Structures are given as C-alpha cells and as structure tokens.
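Notes for the one structure printed next.
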Amino acid sequence: MFAGIVFLPLLGAIVAGFFGRIIGDRAAQIVTCALMLVSMLLSILAFVDVALGGNPRTVELFTWIQSGALDVSWALKVDTLTAVMLIVVTVVSSMVHVYSVGYMSHDPAIPRFMAYLSLFTFFMLMLVTADNLIQMFFGWEGVGLASYLLIGFWFQKPTANAAAIKAFLVNRVGDFGFMLGIFGCFLLFDTVNFDQLFQAAPEAVGQKINFLGMQLDALTTVCLLLFVGAMGKSAQFLLHTWLPDAMEGPTPVSALIHAATMVTAGVFMVARLSPMFEYAPQALMVVTFFGAITAIFAATVGMVQNDIKRVIAYSTCSQLGYMFFAIGVSAYSAAIFHLMTHAFFKALLFLGAGSVIHAMSDEQDIRKMGGIWKLIPLTYGLMWIGSLALAGVPFFAGFYSKDIILESAFASGSQIGHFAFWLGILAAFLTAFYSWRLLILTFHGKPRADHHVMEHVHESPKVMTIPLIVLALGAIFAGFVGYEAFVGDGRAEFWGASILVLEGKDVIEAAHHVPLWVKLLPIVVGAAGIATAYFVYMLRPGTADAIAEQWRPVYLFLLNKWYIDELYDFLFVRPVRWLGRFLWKEGDGRVIDGFGPDGVAFTTRLISQRTALLQSGYLYHYAFAMMVGVVVLVTWYVFSRMA
Amino acid sequence: MEPTTLVLLPAIPEIFLACAAMALLMIGVFIGDKSLRLVSWLAVGSFVVTAVLLYAFTGWGGRELAFDGLFVADPFALFAKLFILLGSAVAIILSMDYLERENTARFEYPVLIVLATVGMMMMVSANSLISLYVGLELQSLALYVVAAIRRDTIRSTEAGLKYFVLGALSSGMLLYGSSMIYGFTGSIDFAVLAERVQGEASVGVIVGIVFLAAGLAFKVSAVPFHMWTPDVYEGAPTPVTALFATAPKFAAIALFCRVMMEPFGGIADQWQQIVVLISIGSMILGALAAINQTNIKRLMAYSSIGHMGYALIGLAAGSEIGVRGVLIYMAIYIVMNVGTFAIILCMRQQGRMVENISDLAGLSKTHPMMAVALTIFMFSMAGIPPLAGFFSKLYVFLAAIEAQLYTLAVIGVVSSVVGAFYYLRIVKLMYFDEPVETLDRPIGREMGAVIAVSGLFTLLFFVWPAPILNAAAQAAASLFAG
C-alpha cells in the first residue's frame, strides 16, 4: 500500500513524460489524475490505519548504500507524522492535478506539465516517507528539481527562467547547510537512520564539535545546520527571496509547491527531527527567532504588494514563520496542525486566484481588477472562505491552528516565546488586513480593467471549481475536525512516538490554560485588521494612497521588500559576477585560451610559416641541409655515446 | 673464398621480373607509343606472376640465400615485396589515363617502373652492402627518369633533376658510409657484420652507420634529408608522385629495418638515438609544415614525411614488435596513399589537372562518393579510430611504450594531433564550403575501383585485421631469427 502511494505518481510521471506525445494530451491528463487519485485514496486508508489505528511501521524496499558504517536503505517509514503529510500532499496534489486539466487547457505542453506535477508529488512523498536523512535528501533535492522545472515551465519567458534559477540557487544555499548537517550527524552518531539517530541523540548532549575552527556544542551545531536547509526550502527570512519570484510559474504550481507542500518540507523536517532538536534548546531559540521575524516581515511586505499571487506568496512566507516559531517553542503538533490547515486554505486561495486570473484574461495586478464579484460569484465565495480561514476567523480552519500556535508561544513562558507571541499577534492583524485588501481590491469597487477584459470575465469550468470546493471544505472543517486529535486531549495517543517533547516542556498543555485575553486577542486583532481594510479600501477609497504618500519612505521600504534583494545583489551577486567576469575574461580568455588553444594554434601557424621558408627550392640549400644533418647526427651519436 | 655452386632459386621472381622488363621493352620498341596500354597491362600481369612466384618459391617458410649469400629471401622480404608489387601495379594502373590525356603516352614509363620494382625487390632482399647498393641504384635510376618523364615541362624536368642530384649526393654518403664500415670491420656481408659489430662499436663504424643511415633516410625522405620531397612530389607528374609515395617508401623503410636490425642489431641501443632524432624531426615537420600548404601534392609530401616519422618509431624501438609495427604501418600507409592519389588524379576541371586544396571545396555536393572516400582516407591518416590509420599508429606507439621510449611516443601523439588539423581541413572544405568550380566526371573505371577497394580496406580493416597482423608478425620474427 505504502509503495503504491509513493510510486503511482512516479508511474504517472513516466507515462505522461516519456509517452505524452504518443498517447496525447487527454490520455496524459487522465493517467496522471487517475493515478494521483488512487494514491490519495490509499493515503486516506494509510492514515486511518497508521494514525487512527495507532499502527506505525516501516517498510524496507531494498538496500541502497552499504559502505563501512554507512548503511542506507530505501524504506517507507509511515507513522502519524508521515500519515498526516501523506494526506496533505496527496489531497492537495490530486486537486491541483484535476484543476490543471482546466487551467492549462490552452497550453501546448500539457503532458510535460502533468508529468512534472506527478514527478514532484513522487519526490515529495519520498521525502515524507524517508526513514533516513539520505533518502530525505533525495526527496528534498527531487522536489527542488521539480520546483525548478515548474517555475521555469514557460521557458520562453526570461523572467520565468530567472526565477527558476534564483529558486534553485537560493535553495542550494539551504541544501548546503542540510548536507553539512547530514555529514555532522554521521560524524557524531555514525548513522543517518532516524531510529538510531533518535536513540543516540540524548547521549550527544554536551559534546563538542570543531566547526570552522571553533569548538561548538555538537548537537546545536548540527541542528542549526539542518535548520539552514529547512530555511532554504521553507523560505524563511534571509533565504525567502526565491519564493515571491517563484510565482512566475503556472498558478497550480504555486498552489501545490509554493504554498501547500514543498515549502512546508522544512517544517516537516524539523518536526521529524524533534528528538534531536529537543536536546538542542539554543537551536530551538534560533528557530523561534527566525520564525517570528519571517512572520512579521512577510506580513508587512504582503500589505503593499500589487500582484495577486505575490500577496498570497508573502502570506505563505508569513504563515511558514508561524509554523517555525511554534516548533521553536516545542509545539510541534501545533506546527503540523497549522501546516495541514494552511495547506488547504492556501491552496484554495491560490487556486482561487488562478480562477480570477483565468477570468481576467491573465491579468495579475489587483490594481487593474475590481468589480467582478457578481460576475464570478463562486470564486468570490471560495476566496472569502480561504481568507476567513487565513485570517483566523473563528470556526474556520486557520482559527484553531493559529490560535494554538500563539497560545503555545505565550504559554512557553520564555522571553523568546513572548517575543514570538507579540510579533505573531501583530502579524495576525496584518494578515487580516492584507487578506481583505486583496478581496476588496480584486472583487469590489469600480472595474478598473478595460471593457474587453470585463466582457470576457466568466466563471471557471467545473473541472476547476470542483477541486476548489473540495479544498474549501478542508479550509472550513479541517481545524474543527482535527483539533481534538492534533492538539487536544487525544494528542498523545494520536502522535504516538512520531514527535518527541521533553518532560516538563509540554507547551500545548500549558496553552490550554493561558489567560482568556490571550485566547481572545488573535480574534480581536483579526477583526480589527478586517475592519481597517474595509475602512481604508471600501468606505474611504483613497485613504491608502494618502497614507502611502505621507509615509512614503516606509511605503517604499515595504514595497521593495525591505531591500533584501538589492542587498543580496550588492553583497553577493555583483562580487560574484565580477569574479566570474574576471575569471572568464582574464583567467580563461587571456591566460588559458591565450597560452592554451589560441596560443598554441598561433605558434603552430608561425612555425609552419617559418618551416615553409626553409623550403627555398635551391638545390644547394637542400644539399647543405643534408650535410648539416649528417654532421649533427654524427655529433649527436658520438656525444650521446660518451655521456 | 671458395667457389660455390650458384644458387638462384630463391631469386627466381626477381629474375623473372627483370626478364619481363626486357621483354616489355621489346614489345614497346616494336609497336611504339601506341602500345602504352598493352605494355602497362602486361607489366601489371607480370607483377601478378611475380607475386605468385614469390609465394611458390619462398613462401612463408624459412630463410634462403642466393647468389652466394648476397641475396636473402625470407618472410620479411616477402611481406615487403608483396606490398611493393601492389604499389607499383596500382601506380601503373592509375597512370594510363593520365599519360594518354597529357600527351605523355610513352611505353617506357611502365617498363621503367618494372625496372624500379626489380630494384626495390633487390633492396629488401639485400644481404650485403654491395647488393644493397646495387638494388638501391637500380631503383633510383629508374625513378629519376620517371620523375622527369614529361621532359617538355619545366616542372617535371626540374623535379627529375633535383631528385637526381640530391639522390647522387645521398648515394655518395651511403657508399662512403659503407666503405667506412668495411674498413673498420673487414666485411660487407650482413651475417659477418652482425658477428663483428657487437658491444662498444668503434667510432669509425659509428660514423659509417650514420652515413649509411643518412643515405637511407634520404630514400624514406626523413628529416633532415627530406628537402627534395615537396619539390619532387609537386613537380613530378601526379601518377609518378603516387608511385613515389608508395612502393619506394616501403622498399626503403624495409631496407632501413633490415640494415639496422641484421648487421647492426647488436648495437641497437647505440643507433637508437639517431633514429629517434630522425623520427621526431619527421613527425614534427610533417605536422607543422603541411599546415600552410595550398597544393595538395605538396601537402601529401609533408604528410608522407610525417608518416615516415611514425613508421620510424617502430624502428627506433629496435624490437620485434617494433618491426612488426613498421610493417603494419607501411602496409596500411600504402593502401591509404594509393586511394588518396587516385582521388587527386581525379581532380580535373574542364580537362586539365588541378592541384589546389581549395579545388576540393564542396566536393560532397558534386561528387558525394568521392568525398566520402577522401574523408575516410583523411580521417584514417589523422589516426582516428576505427579506421585503419588508427591501428597503424597504435602498433608503433605500443612498440615505443614497450621499449620505454616515452618521449618519442608523447611527441608522436602530440604531433598527430597537430597533423590532424590539415587532414580535417580538407574534410571541412569538402563538406562545409561551397563549390566554386566542379570537378569533371566521370572519373574512370580503374580509378573508381582503386578508390573503392582502398576505401573499403581502410574503413573495414578493423573487422578482420588478422591476416595482415599475422603476416607482419611472421615477417618481423624472421628478421630476428638469424
């Protein structure tokens, strides 16, 4: 069953990818979607069996590497944590597959798209079912590859190519950390298998390791290195720059990879390694810090963006920040809970945005939309549901998961926890604000698009709206249904051994006993955010521009995304470009080519011309050469014999 | 020396061919220049008969002496003679059309080639310094005349004259060397020399060997005795060039091998340096000087200088494997060259011969089959696998490595890379440049056959190389048996 879940998408990818031209667009769509749906059904069965039935197990497929102490197998480790991820990945992926049938119907390369989607799903499933770091890294790199291919899917667009390369490069930075982390694990524990790692982790507390010439706490160092990997994949502050640009890819890709699944791989990884992180409290503090910073940073930037997908992308970034600071305060289950609910409502938002873009003839700028809510009521309603869930309005999915995260942060009692809590509250306000800004600008007010576009506005076909409805159901009910098992009283039984929290650090328990104002505050700021948005954009249109004018430096600072890209451009891109140019022009061009190919060729020609001159045509020259030759040979002979 | 019975049997093929030459001369004299074709085909026929006789009287058996030990027939000589006959026969076949077209239809031409061939066969069978010289001169004198066969054109006569003067100089050197060797050892017989020249040879013998080697190096056109080659190749009528590039080269190299290995094999470590030097010089010059050539016959001249350099690698190794490498190299070299010259002979525009490399531009569009064949030959000469030329280089390099002549092998490989340039340039010209003026058609049946057979041999050598490899191995072994 587990093998089926993981490998059916691969089969779909192979069929659609290699035989897509033969079997045609329609067949490729049917094959990939059908296999994906089967995989989803199997995942639900697996979830029932493993998570609800309390029956975690590992299926060994075959040995991969056996070399010295390194012993790695291909295996499918399915416990509750993995089962949750299986559900999330396969459900969202199936919906995106189906949605893509409609969304990509005019694209000339449909089989390629479907193959990439399925390939991505395979790698993602490989990642979440890994039972060792190497296999996880395999999936990790695989999703990176699929992400690269899909961001650059429209390779005719230079911006898409640039975005794909950027995503790949920034991820390399994170991956480098991840790799160092894996090496560090092997160095410390002589193993990369999770079970053995987790057994050995408590004994490593206090050990030192030499890293870059410094004696550092071994476990903290390794955990931080692994976290760098997570930061790259999950677009945390400083390594987040690729995610907004990745919106160059088709919208279903944004929904699947850059909202629901791949970007949460970092969260999953740290949760999976909770038995290690628990013993490295300093590392967890760093995680909390970066999570909180990302949450607020992305929310502020999201406020002023004008591209509908970029707003949602920054929102994703911000929500990932929430998950990380939940992890940082040891509320792993809350983080995964939010991961799941977020997957539903964020995929819903993205696909909804896709539906809007589809309706607006590929327009993405919300300043050029407006006044279309009557024309596409279904999409409008679904976007409302997604936004309500995102803003944490009570009884929608986001409400449950976001509240428990904030409560946990408060309940952790530590300084860094409170830091995260207040930033989280502020971010919650901003989240509500930008969500409604998006809704109002997109759907309300006077139409700002020209009449050609407006005439074309139409509701999307059923093949696109049905997946949206499925996701909307998740966005409404996932929180309510999952609360009890994920973070309620049933959590110990539900999670089993898949997540470790040290004795006396059970912040989830403490979170249930925080003061009432802490519980109410997120709701209040959420409502305030919504109200502000209404005030600024609906009741008094023009206020926003006035504020932007008055606070121009701040506005520009936010609009330019805190100038992080410019900073990187100055710090890294230019020096590296300069170095590259230098090595190319001077090193390769002048030195290597100059003395190498070009120089040799030039010298050869020169010598060739000189030798041709020797051939004078005069007999006595020739005879002279022969005599000289004999003399030289005799001399050479005699001298070489004497020596 | 006691008088002994005259043993002639092993020399029957040579005797037959010499008589055939006289008979052909008679026919020619009686019929006149109209008899060119007849005499030519009869000459080819007598080559065939000679080959059969060679097989019948000497075969792959042991070693037989004739003329009181002046003449030796062994598998080494047999191998060389077969390819010499092949080269000469093809040269005659290639020349018939040309001579008739260029108003040079003289019956003496095939007769002279037959005589030269007799000389070459004597050379490879020489077993003393005297018979060596006699064979060499018989060959050379015939060839001097052939080079100047078009005595009404300045270039041909100039080529013949240059060849003659320089050839005389080299003969002088060779004789001078021989006399010194005789003076210091007291013998001209190879077997006796082999006994006497052992260990540390005296300076006189050394100088003698150097002079002797210089004379032979002239015949194989190795640096620094190569200067005549480009001028003669360019000036001589093309079929004559084709002959020069093939059979006499094999004869000279074979003679070189025999002289260095049989009488002077005992001091191989001492003359090795000389051959290494000559070989390196030839390879480098062959590669570099050819780059700037515009005339294809001159280019082939430098190409052959380079090839002689590679062949001499095998000799420099001074071992049985080395000699085997030389024989394989020369066998393949002859075939490749025959094919290439056949194509050069087809280079005619509106009835007149053209010789510039640029005339080949766009050949792939006008004469696709010819272009393919020339491509095969060029790739093969550049030593690109799996063509025959690759194997020929492979075996000599193997021998050099075995003999620990690493420098030589490395220089050989490097120069073959440089040399690849001008071979590939021809291919580029044929396939990527636009034709300016197309070559004439048709190319003639004999030409087509020669090109096809040699092209197929070059292309498919790797499929079944055993016959030539085994024969060469046997031939080489016989040189070391005594």
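The values are calculated or read from the model by the stated rules, or taken from the named source; none is laboratory data. Bear in mind that the values here come from a model prediction, so they are computed numbers and not experimental data. Reconstructed Cβ throughout: ideal geometry from the backbone, glycine too, with neighbour counts over all protein chains shown. Accessible surface is based on the protein model in full, side chains and every heavy atom, while ligands, DNA and RNA are left aside. Shrake-Rupley method; radii C 1.70, N 1.55, O 1.52, S 1.80 Å.
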- Task: Please report, to two decimal places, log10 I(q)/I(0) for the range B:200-343 at q = 0.14, 0.18, 0.19 Å⁻¹ as given by the Debye formula with identical point scatterers on the Cα atoms and no solvent.
- Result: -0.61, -0.97, -1.06
- Task: Using only Cα atoms, tell me the angle between helix B:75-101 and the longest principal axis of chain B; keep it within 0 to 90° and round to the nearest 10.
- Result: 30
- Query: Reachable aspartates and glutamates from B:Lys162, Cα under 19 Å, same-chain residues fewer than 8 places away excluded?
  - Reply: B:Glu137, B:Asp152, B:Asp231, B:Glu234
- Could you state the principal axis extents of the C-alpha atoms in chain A, from the largest down, to the nearest angstrom? 112, 68, 56
- Area hidden from solvent between A and B (accessible, protein heavy atoms only, 1.4 Å, total, Å²): 2900
- Note on the structure: With every protein chain kept in place and a 1.4 Å probe, the residues A:Glu549, A:Glu407, B:Glu108 fall, from largest accessible area down, as A:Glu549, B:Glu108, A:Glu407
- Task: Compute the accessible area of each residue in the range B:160-190 twice, once for its chain alone and once with every protein chain present, using a 1.4 Å probe on heavy atoms, and list those whose area falls by at least 30 Å².
- Result: B:Lys162, B:Leu166, B:Leu169, B:Met173
- Measuring from label point to label point, each 7 Å out along Cα→Cβ, what is the A:Phe395 to B:Ile401 span in nm? 8.4
- Message: To the nearest 20 Debye, how big is the dipole of the range B:63-220 about its Cα centre, given +1 on the beta carbon of each Lys and Arg and -1 on that of each Asp and Glu?
- Response: 340
- Query: With +1 on each Lys and Arg Cβ and -1 on each Asp and Glu Cβ, how big is the dipole of chain B about its Cα centre, in debye rounded to the nearest 20?
  - Reply: 900
- Item | Value of D in µm² per second that Stokes-Einstein yields for the range A:560-612, Kirkwood Rh from Cα pairs, at 25 °C (0.890 mPa s) | 179
- Query: Just how far, in whole angstrom, is the range A:125-146 from the range B:160-209 if you go by their alpha carbon centroids?
  - Reply: 79
- Cα convex hull volume per residue for chain B (Å³): 127
- Pull up all non-local amide H partners of A:Leu76: gap of 5 or more, or a different chain, and H-to-H distance under 5 Å with H placed in the peptide plane. A:Val59, A:Glu60, A:Leu61
- Query: Given charges of +1 on the Cβ of Lys and Arg and -1 on the Cβ of Asp and Glu, with all other atoms neutral, how large is the dipole of the protein assembly as shown about its Cα centre, in debye to the nearest 20?
  - Reply: 2060
- Note on the structure: The correct ranking of A:Phe168, A:Phe120 by accessible area at 1.4 Å, largest first, is A:Phe168, A:Phe120
- Using only C-alpha atoms and all pairs of different ones, pull out the Kirkwood radius for the range A:424-487 in Å with one decimal. 15.3
- Accessible area in square angstrom per residue, the protein assembly as shown, 1.4 angstrom probe: 38
- Per the charge dipole of the range A:560-612 (beta-carbon charges, Lys/Arg positive, Asp/Glu negative, Cα centre), the residue among A:Ala612, A:Ile592, A:Phe570 reaching farthest to the positive end is A:Ala612
- Item | Buried on assembly, the range B:272-289 (at least 20 Å² less accessible surface than by itself, 1.4 Å probe) | B:Gln273, B:Ile274, B:Leu277, B:Leu285, B:Leu288, B:Ala289
- Query: Can you give the helix-only mean residue ellipticity at 222 nm for the protein assembly as shown, where every DSSP H stretch with n ≥ 4 adds -39500 (n - 2.57) and the sum goes over all residues, rounded to the nearest 500 deg cm²/dmol?
  - Reply: -24000 deg cm²/dmol
- For the protein assembly as shown: span of alpha carbons on each principal axis (Å, largest first): 135, 69, 54
- Along the charge dipole of the range B:4-481, Cβ charges K/R +1 and D/E -1, which of B:Val275, B:Ala43, B:Val210 sits furthest on the positive end? B:Ala43
- Multiply the residue gap between B:Ile154 and B:Val413 by 0.36 nm, knock off their C-alpha separation, and tell me the result in nm, one decimal place. 89.3 nm
- Can you quote the Å³ per residue value for the convex hull of the Cα atoms in the range A:463-552, rounded to an integer? 230
- Query: Got the relative contact order for the range A:179-295 handy, in percent, Cα pairs under 8 Å and 6 or more residues apart?
  - Reply: 29
- Message: Can you give me the Rg/Rh ratio for the range A:133-273, using Cα atoms for both radii and the Kirkwood formula for Rh?
- Response: 1.05
- Task: Run the accessible area of the protein assembly as shown with a 1.4 Å probe and give the carbon-and-sulfur part as a rounded percent.
- Result: 69
- Among A:Ser147, A:Gln135, A:Phe176 the positive-end extreme of the charge dipole of the range A:133-273 (Cβ point charges): A:Ser147
- Task: Report relative contact order for the range A:267-389 in percent, whole number only (criteria: Cα-Cα under 8 Å, sequence separation at least 6).
- Result: 26
- As straight-line cross-link partners of A:Lys309, the qualifying lysines (C-alpha separation under 23 Å, not fewer than 8 residues apart within one chain) are A:Lys157, A:Lys166, A:Lys233, A:Lys346, A:Lys368, A:Lys374, A:Lys402, A:Lys446, A:Lys462, A:Lys561
- For A:Val576 and A:Ser616, FRET efficiency with R0 = 41 Å and r from the beta-carbon atoms, rounded to 0.05? 0.15
- Query: If R0 is 51 Å, what FRET efficiency do you get for A:His451 and A:Lys585 from their C-beta distance, rounded to 0.05?
  - Reply: 0.45
- Round to the nearest 10 and give me the degree value, 0 to 90, for the angle of helix B:268-289's Cα axis relative to the longest principal axis of chain B. 10
- Using Cα atoms only, what is the angle between the long axis of helix A:619-642 and the major principal axis of chain A, expressed in degrees (0 to 90) to the nearest 10? 80
- Task: Note down the relative contact order for chain A as a percent, whole number, built from C-alpha pairs under 8 angstrom at least six residues apart.
- Result: 12
- Residues of the range A:415-432 with backbone N under 19 Å of the label point set 7 Å from the Cα of A:Trp517 along Cα→Cβ are A:415, A:417-429
- Message: So the label point goes 7 Å from the Cα of A:Leu473 along Cα→C-beta, right? Which residues of the range A:335-355 then have their backbone N under 20 Å from it?
- Response: A:340-352
- Item | Residues with amide H under 5 Å from that of A:Leu70, placed H, sequence gap 5 or more | none
- Chain lengthening between A:Val631 and A:Ala546 when straightened (0.36 nm per residue, less Cα-Cα): 20.7 nm
